[in-house]
Amino acid sequence: MCEPTARGPAGVSGASTRFRTTASLDERRGLLYLPVSTPSNDFFGGNRPGAGLFGDSLVCLDAKTGTRRWHHQLVHHGLWDYDPPSAPILVTLTRRNRNVDAVVQLTKQGFAFVFDRVSGQPIWPIEEHPVPGTDVPGEQAWPTQPFQSVLPALAPQGVTLDDATDLTPELHAEALEVLKRVRIGPLFTPPSIQGTIVRPGLDGGTDWGGGAFDAPAGVLYVKVNDDPSLVFPDLTDAQGNVPAVGPNDSTNISLLLRHRIPILKPPYAYLEALDLNSARLLWKRPFGDNPAVRDHPALAGANLPPQLGAIGNGGLLVTAGGLLFAGSGDRALHAIDKITGEDLWSYSTGELKCNGSPMTYRVAGRQFVVIAVGGPGEGARLLAFALPTPGAPELPRPALESNRGSLEVQRICGECHAFEVATRTRRTRGQWEALIESMITKGARVSDAEFDTIADYLTSHFGVPARVEVGQGPSS
């Protein structure tokens, strides 16, 4: 989703900005809202001292002239890949008995920042809080970061030893060993040479799918991932060049146990309803499941929660008829009561994940809901749903078995990126295993036998000698 680099807002000399998601337009006012990305590189800022003007910011421009009207920085001197991930949402709120036109920017760090569309003034105060410093040579982390002071955080933030998974005593002990090898701490703990677990992670919080706003009720619905990441500083040279293979590409430390069980407690994803008029969280519940975790032999007989949570970045659809449609990483499309969060209906998509955001349209007075599932490649398809037409014969259920193709490895790597993207970097056996594990935590279904087959194939075709392994962190 990376777009070409563009010049900065008018009137700012030498500014360079990147936009990784979609802008939003207030057509009546002619105001364009741009979510601006982290300056390169994501995990080290030694070559870009300072807060980083316009980096990780919401910028409002005059759509006709390009003149900057206002901006607000959401992360100072970004070191976490916390770029605004989704299009700003234009809403109208009721505040002190009057309507206020506002713009909402959801973030990976789990905040909903809300601003007056015209003035840029925060609807609720944003406070600067001290955050942990850095010991990385050459780095100058910013001492404070913006925190939403009234609206509740949408995602779990930061890591402590108490967060270690407790699905079984054995897994709990293994998780503690990993957490003690790396650096953990509150939100905005910076990358470190030993490796830092950041939570929310790179796919944590809300991502490109954004939220769905119920305008009459003033309620924002969001899908949230609780997906931590292990990050190292990608140290650059004097010209700011990132090494071809850095510790973030080559670490053998995994945040999964036994190839697929996350080291932190479930659930791994939520649906939430946030009342923007009253600044209250109306409900929050686990969303979706993870069969790769639930069916793991190490969890046989364990008392697992009904929903482990499905990590996915798709958006939501809210309707005037009282329903919220959601897929987002699960292997089912759900229709949910938007008032209570109760699951009213679901349709299993078998082996295929729901990857896209649901959409709706009408044909001849009949309403349809459509979602993209599976893929990329031959497994991808669109599923369309509608209420039955009275008297019409029932249509057969579509076959949803995934077309695995000639190479199992292409199915797994293709869950998130093209096969060529995954294999453009040479890795050791341990490094390939860590990458496969990261795909599993995002929902890829891989048996133990398949895991070894895939790792063998990648190591033999895209491997490097074990002696070049880096970024393993201190021994436990």
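Structure notes:
- Only a single criterion out of (1) of a type in the set (D, E, K, R); (2) touching a Phe, Trp or Tyr at 6+ places or on another chain (Cβ under 8 Å); (3) more than 30 Å from residue 39 (Cα to Cα) is not satisfied by residue 227, namely (3).
- Residue list for the range 15-63, filter: modelled with pLDDT under 95, over 22 Å from residue 243 (Cα atoms) and basic (Lys, Arg): 20
- Across the range 235-268, the number of residues qualifying as at pLDDT below 90 and charged (D, E, K, R) comes to 2.
- Within the range 102-119, the set of residues being among the polar types (S, T, N, Q) and buried (at least 23 other Cβ atoms within 10 Å of the Cβ) comprises 105, 107, 109.
- Strands (runs of 3 or more DSSP E) lying entirely in the range 51-110 (those with 1 or more residues that are touching a Cys at 6+ places or on another chain (Cβ under 8 Å) and farther than 30 Å from residue 228 by Cα): 68-73
- Every residue from the range 157-176 that is buried (at least 19 other Cβ atoms within 10 Å of the Cβ) and part of a helix (DSSP H, G or I): 163, 171, 175
- Considering the range 193-267, there are no qualifying strands (runs of 3 or more DSSP E) wholly inside with 2 or more residues that are surrounded by fewer than 24 Cβ atoms within 10 Å (Cβ to Cβ) and assigned by TED's automatic domain parsing to the domain that holds residue 449.
- Matching residues, the range 332-348, being over 17 Å from residue 386 (Cβ atoms) and without any contact (Cβ under 8 Å) to a residue 60 or more places away in the chain: 332, 337, 339, 340, 342, 343, 348
- Being crowded, with 23+ Cβ neighbours inside 10 Å, within 30 Å of residue 272 (Cβ to Cβ) and either modelled with pLDDT under 95 or charged (D, E, K, R) (or both) is a description that applies to residue 83.
- All of 141, 155 fail the test of being under 30 Å from residue 324 (Cβ atoms) and in contact (Cβ under 8 Å) with a residue 24 or more places away in the chain, apart from 155.
- Number of positions in the range 37-65 that are of a type in the set (A, V, I, L, M, F, W, C) and in contact with a Ser or Thr (Cβ under 9 Å, 6 or more places away or on another chain): 4
- The set of residues from the range 280-298 being buried (at least 18 other Cβ atoms within 10 Å of the Cβ) and more than 21 Å from the chain's Cα centre (by Cα) comprises just one member, 296.
Here is a yes/no grid of residues against (1) at pLDDT 95 or above; (2) out of contact with any strand residue (DSSP E or B) (no Cβ under 7 Å at 6 or more places or on another chain); (3) closer than 18 Å to residue 213 by Cα:
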residue: 333; (1), (2), (3): yes, no, no
residue: 366; (1), (2), (3): no, yes, no
residue: 373; (1), (2), (3): no, no, no
residue: 379; (1), (2), (3): no, yes, no
residue: 388; (1), (2), (3): no, yes, no
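- Checked against the criterion of being in contact with a strand residue (DSSP E or B) (Cβ under 9 Å, 6 or more places away or on another chain), hydroxyl-bearing (Ser, Thr, Tyr), within 28 Å of residue 434 (Cβ to Cβ) and in contact (Cβ under 8 Å) with a residue 24 or more places away in the chain, the range 263-281 has at least one qualifying residue.
- Residue, farthest from residue 109 (Cα to Cα), within the range 180-192, restricted to residues that are in contact with a Gly (Cβ under 7 Å, 6 or more places away or on another chain) and outside any loop (DSSP other than H, G, I, E, B): 181
- Qualifying residue in the range 286-300 (condition: outside any loop (DSSP other than H, G, I, E, B) and among the basic types (Lys, Arg)): yes
- Restricting attention to the range 348-362, the residues being assigned to a loop (DSSP other than H, G, I, E, B) and among the aromatic types (Phe, Trp, Tyr) number 0.
- Condition broken by residue 360, with the remaining ones in (1) closer than 18 Å to residue 335 by Cβ; (2) without any contact (Cβ under 8 Å) to a residue 24 or more places away in the chain satisfied: (2)
The values are calculated or read from the model by the stated rules, or taken from the named source; none is laboratory data. As the structure is a prediction and not an experimental result, all values here were calculated from the model. Here Cβ is always computed from backbone atoms with ideal geometry, including for glycine, and neighbour counts include all displayed protein chains.
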